[in-house]
Amino acid sequence: MLKYLPFIVVGLVLIPLTYVQWRMMDWVWTSNVPAQQCAYLLQTEIPQEIGDWVGTDNPVDPEVRKTAGADGYISRTYVNKNSPDQRVTVWLIVGHFRNVSRHTPNICYRGAGYEQVERASVQPFVVEGIPKSKFRTAKFKGATNQGQPVYERVFWAWWKPEPLGDGQTVEDVNIAWTSPEDPRLEYGFCRALYKLYFTAVSTEEEAPIDSVCHEFAEVFLPVVHERLRESGMVMRNDDLPDNYEEVLQQMEQANEQGKSEDAEPAEATESSSEEETAEAA
């Protein structure tokens, strides 16, 4: 009997550890309520008109959304109504860290046929009244259907909502966007993770600080900070809003309608396909 004692001891240790690991992997890798709750906030709280900027929703292919790992998303182009040549495209998603922490522009843009023409760097976004954020940025070179070079600058960062502690309220939540070198390591075991892109047309000579994205961020980031602060509360509450499914169904219907209305000529198909692939980054 004693000769089996070591195996019995090992079994008694491994069984609870295996259970803990199974529970953790189930918690991390499967669909979860906090991500869906944050998706609800995202779909309902970010306005289409912010200051002088007016947004138009862009249709998103279901495969792009799936690849990006987005439980909720906003794909929207904001135009400055006082300067129509100023345009910034926003790609703001929330979902499991597994996919949201991956697919960065420096990988996906090149996969879509763009050439990265500068090394990615970290740029601070300092906006009065909210915490300082740090976005990673890079410039990419593509080509129009006529073969002319076009340049796009992309800024990207993440925010990981934390559950509110005892005695804390929404007012205690501060959103600071960050862009670590290894987001998968930084945000591992995160049940809901936001990712934000700003994309704008650039030039060969334009420096990151001169991008129109900085001007847009001055009005956009405070709105996001105010509207998404409730993410800390939903992380503590497993109850989805009663109209959650209805909101997502409306989103999908609007997306399908937008794809039909915005159908482009056949010669533009290749360019559109490249842009959608890059958006999944």
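Name the residue, out of 122, 150, 127, that is among the β-branched types (Val, Ile, Thr), within 29 Å of residue 39 (Cβ to Cβ), touching a residue at least 40 places away in the same chain (Cβ under 8 Å) and not in a loop (DSSP other than H, G, I, E, B). Walk me through it before giving the result.
Details: 150 fails: within 29 Å of residue 39 (Cβ to Cβ); 127 fails: not in a loop (DSSP other than H, G, I, E, B).
That would be 122, the only listed residue that is among the β-branched types (Val, Ile, Thr), within 29 Å of residue 39 (Cβ to Cβ), touching a residue at least 40 places away in the same chain (Cβ under 8 Å) and not in a loop (DSSP other than H, G, I, E, B).
List the number of the failed condition for residue 98; all other conditions in (1) assigned to a strand (DSSP E or B); (2) in contact (Cβ under 8 Å) with a residue 12 or more places away in the chain hold.
(1)
Look through 88, 170 and report the one residue that is in contact with a helix residue (DSSP H, G or I) (Cβ under 9 Å, 6 or more places away or on another chain), crowded, with 22+ Cβ neighbours inside 10 Å and of a type in the set (Val, Ile, Thr).
Numbers: 170 fails: crowded, with 22+ Cβ neighbours inside 10 Å.
Selected residue: 88, the only one of 88, 170 that is in contact with a helix residue (DSSP H, G or I) (Cβ under 9 Å, 6 or more places away or on another chain), crowded, with 22+ Cβ neighbours inside 10 Å and of a type in the set (Val, Ile, Thr).
I'd like the full set of residues that are touching a residue at least 40 places away in the same chain (Cβ under 8 Å) and in a helix (DSSP H, G or I), limited to the range 192-221. Steps first, answer last, please.
To start, the set of residues in the range 192-221 that are touching a residue at least 40 places away in the same chain (Cβ under 8 Å) comprises 192-204, 206, 208-209, 211-221.
Of everything in the range 192-221, those that are touching a residue at least 40 places away in the same chain (Cβ under 8 Å) and in a helix (DSSP H, G or I) turn out to be 208, 209, 212, 213, 214, 215, 216, 217, 218, 219, 220, 221.
From 231, 211, grab the single residue that is buried (at least 16 other Cβ atoms within 10 Å of the Cβ) and either in contact with a strand residue (DSSP E or B) (Cβ under 6 Å, 6 or more places away or on another chain) or at pLDDT 95 or above (or both).
Working: 231 fails: either in contact with a strand residue (DSSP E or B) (Cβ under 6 Å, 6 or more places away or on another chain) or at pLDDT 95 or above (or both).
Only one candidate qualifies: 211.
Right, residue 134: out of contact with any Ser or Thr (no Cβ under 8 Å at 6 or more places or on another chain) and part of a strand (DSSP E or B) or not?
Details: out of contact with any Ser or Thr (no Cβ under 8 Å at 6 or more places or on another chain): no; part of a strand (DSSP E or B): yes.
Taking the combined requirement at face value, the residue does not satisfy it.
The values are calculated or read from the model by the stated rules, or taken from the named source; none is laboratory data. None of these values were measured; they are calculated from a predicted model. In this analysis, Cβ positions are derived from the backbone assuming ideal geometry, glycine residues included, and neighbour counts consider all displayed protein chains.
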